[in-house]
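Please treat every number below as a calculation from the coordinates, not as lab data. What you see is a predicted model, and the numbers here were worked out from it, not measured in a lab. Here the Cβ is made from the backbone with ideal geometry for all residues, glycine too, and neighbour counts use every protein chain on show.
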Amino acid sequence: MLVLGRAPVEAGQPRFPPQRIQFRKQDFVMSNAGPKADHGANPVPAFARRSAALKGAVRVPGDKSVSHRSLIFGTLAVGETRISGLLEGEDVLNTAKACAALGATVERLGEGEWRVEGVGVGGLQAPEGVLDFGNAGTGSRLMMGVVAGNPIAATFDGDASLRKRPMRRILDPLEQMGVQVVDAAEGGRLPLTLKGPRELVPITYESPVASAQIKSAVLLAGLGAPGATTVIEKEASRDHTERMLTHFGAEVSVEPYGAHGRKVTLKGRPELKPAPIRVPADPSSAAFPLVAALIVPGSEVVIEGVMTNPLRTGLFITLKEMGADIAFENERVEGGESVADIRVRASALHGVEVPAERAPSMIDEYPVLAVAAAFATGTTRMNGLSELRVKESDRLAAVADGLKAAGVTHRIDGDDLIVEGAGRAAGGGTVATHMDHRIAMSFLVMGLATDKPLKVDDISFIATSFPTFLAQMRALGADIVEGVEAAA
């Protein structure tokens, strides 16, 4: 049996040998020594250089949101859940380890193929060590909801980046349900310890922001409460949790709320039944080869099997408004999610105004949208980006700094980002990524079309969400090279 740690792997290389990997509580105990060493301790710089036309077809890794949830729901079901297409990035692997530490058996059968032997709602066991989520904000926040529904205590921790991210927005509704925050760092941040009550209280909670993580944490906790738990959102966030709850046999109702919101109600204490899951390709990861194909002249790329859930397609809608040649082909439904092959051709883009209410459907894609906006002609204004300030980095500031390094005219107005596109970008600078995988990938994409090479200071953490990024981009023809002297 091989147990995985967090040793770094070369970006774009296979992470696993062919043999099976199994995580079980009795032979896998998470470290009590606090968070592991941060990726930033040994930075790996890279340069992206102007490339010839990108050509070919790729399938990007499985959707990160669905991958986290498939492991979690497999843990909460009684019996065996089979998962195919799982994203094998570090964030998801840390969720797999946490599920094992809480009593499930989690086994990798082959590339993207996993099985989970679940313990049922309310059947979690107290972990014997700290649950280290590395850089996984989704995994840590959703698992807080899972733990809340069990009369156990668990300590959550992560790397330096995750320790900076706000957790109070999750803790507030959980405390209303009777969960005790035994200990927490300043501001309700990691490391923190939660203790679930013997009798959880169902609540009706109106989320202060459109956040699938808040909604999911409350609903996952609500699985362990008697009666109905309700979450109200003024702006609808991605609905993968609601879909998967239904897929595993829970009783969920979803109603419109106001102009753009939803009211989600869950009947507590169901017996979740194992259900197979095929994870679709991640639209957030598909965004990188897609935008690269738009801005590199002469390119034509097909991205296969991409999720087209309407609550995740804000980037595609926006790029089409900008004049992008994007076509959905072979549209179908897989595992309860709509998917399609996306054909994209290099396009002459123009600036647009992106409404704030679109943000929940594309919150992770704004960095790469800003790259596309730099190569458009005219002004692109992206409104209502306050949530970008509390991601893996302050993404709003990080994007602005990256645009500056590339010589792109831009400004921040409150929570809005304004990019003055000139149809080209100079490049030549160095982008500070702040341990943020999406900043790194976005500006590597940008460098494929800049006049001069664009340097990214560290790509080591790209593996958290897209471990095959470099390999797949190079297969399409992208000129991305690693190392300090790579631009020579």
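So for Tyr257, Tyr205, fewest C-beta neighbours within 10 Å to most, what's the order?
Values: Tyr257 16, Tyr205 22.
Sorted ascending by nearby Cβ count, the order is Tyr257, Tyr205.
Give me the distance between the Cα centres of segment 406-469 and segment 181-250, rounded to whole Å.
Their Cα centres are 34 Å away from one another.
Within straight cross-link reach of Lys215, meaning Cα distance under 20 Å, which lysines are found once same-chain residues fewer than 8 apart are removed?
Counting by Cα, and skipping residues close in sequence, Lys215 has these lysines nearby: Lys64, Lys195, Lys234, Lys263, Lys267, Lys391.
From Cα pairs below 8 angstrom and at least 6 apart in sequence, can you work out the relative contact order of the chain, rounded to a whole percent? Walk me through the numbers before you get to the answer.
Numbers: 1285 pairs, mean separation 95.8, N = 488.
Normalised by residue count, the contact order of the chain is 20 percent.
From the square roots a ≥ b ≥ c of the eigenvalues of the alpha-carbon gyration tensor of segment 298-363, which class results: rounded (a/c under 1.5), prolate (a/b over b/c), or oblate?
Working: a/c = 3.14, a/b = 1.14, b/c = 2.76.
Oblate, because a/c is 1.5 or more while a/b does not exceed b/c.
What's the angle, to the nearest 10 degrees (0 to 90), between helix 283-295's Cα axis and the longest principal axis of the chain?
Approximately 0 degrees, to the nearest 10.
Rounded to the nearest 500 deg cm²/dmol, what is the calculated helix-only ellipticity per residue at 222 nm for the chain, with -39500 (n - 2.57) per DSSP H run of length n ≥ 4? Write out the running numbers ahead of the final one.
Values: 13 runs with 129 residues, N = 488.
After summing the helix terms and dividing by the residues of the chain, the value is -7500 deg cm²/dmol.
Expressed as an acute angle from 0 to 90° and rounded to the nearest 10, what is the orientation of the C-alpha long axis of helix 395-405 relative to the principal long axis of the chain?
20 degrees
If I fit a long axis through the Cα atoms of helix 64-76 and take the longest principal axis of the Cα atoms of the chain, what angle between them do I get, 0 to 90°, rounded to 10?
10 degrees
Roughly how many debye, to the nearest 20, is the charge dipole of the chain about its Cα centre, given +1 on each Lys and Arg Cβ, -1 on each Asp and Glu Cβ, and no other charges? Working shown, then result.
Numbers: 52 positive and 58 negative charges, 56 e Å.
Roughly 260 debye for the chain.
Within 11 Å, Cβ to Cβ, of Leu194, how many net charges do the neighbouring residues add up to if Lys/Arg are +1 and Asp/Glu are -1? Spell out each step's value before the answer.
Values: positive: Lys195; negative: Glu175, Asp183.
Summing Lys and Arg as +1 and Asp and Glu as -1 gives -1.
Does the chain come out rounded, prolate or oblate, given a ≥ b ≥ c as the square roots of the eigenvalues of its C-alpha gyration tensor, rounded meaning a/c under 1.5 and, failing that, prolate meaning a/b above b/c?
On the way: a/c = 1.68, a/b = 1.49, b/c = 1.13.
Because a/c hits 1.5 or more and a/b exceeds b/c, the chain counts as prolate.
So how strong a dipole does segment 299-410 carry about its Cα centre when Lys and Arg Cβ are +1 and Asp and Glu Cβ are -1, to the nearest 20 debye?
On the way: 11 positive and 17 negative charges, 78 e Å.
Roughly 380 debye, rounded to the nearest 20.
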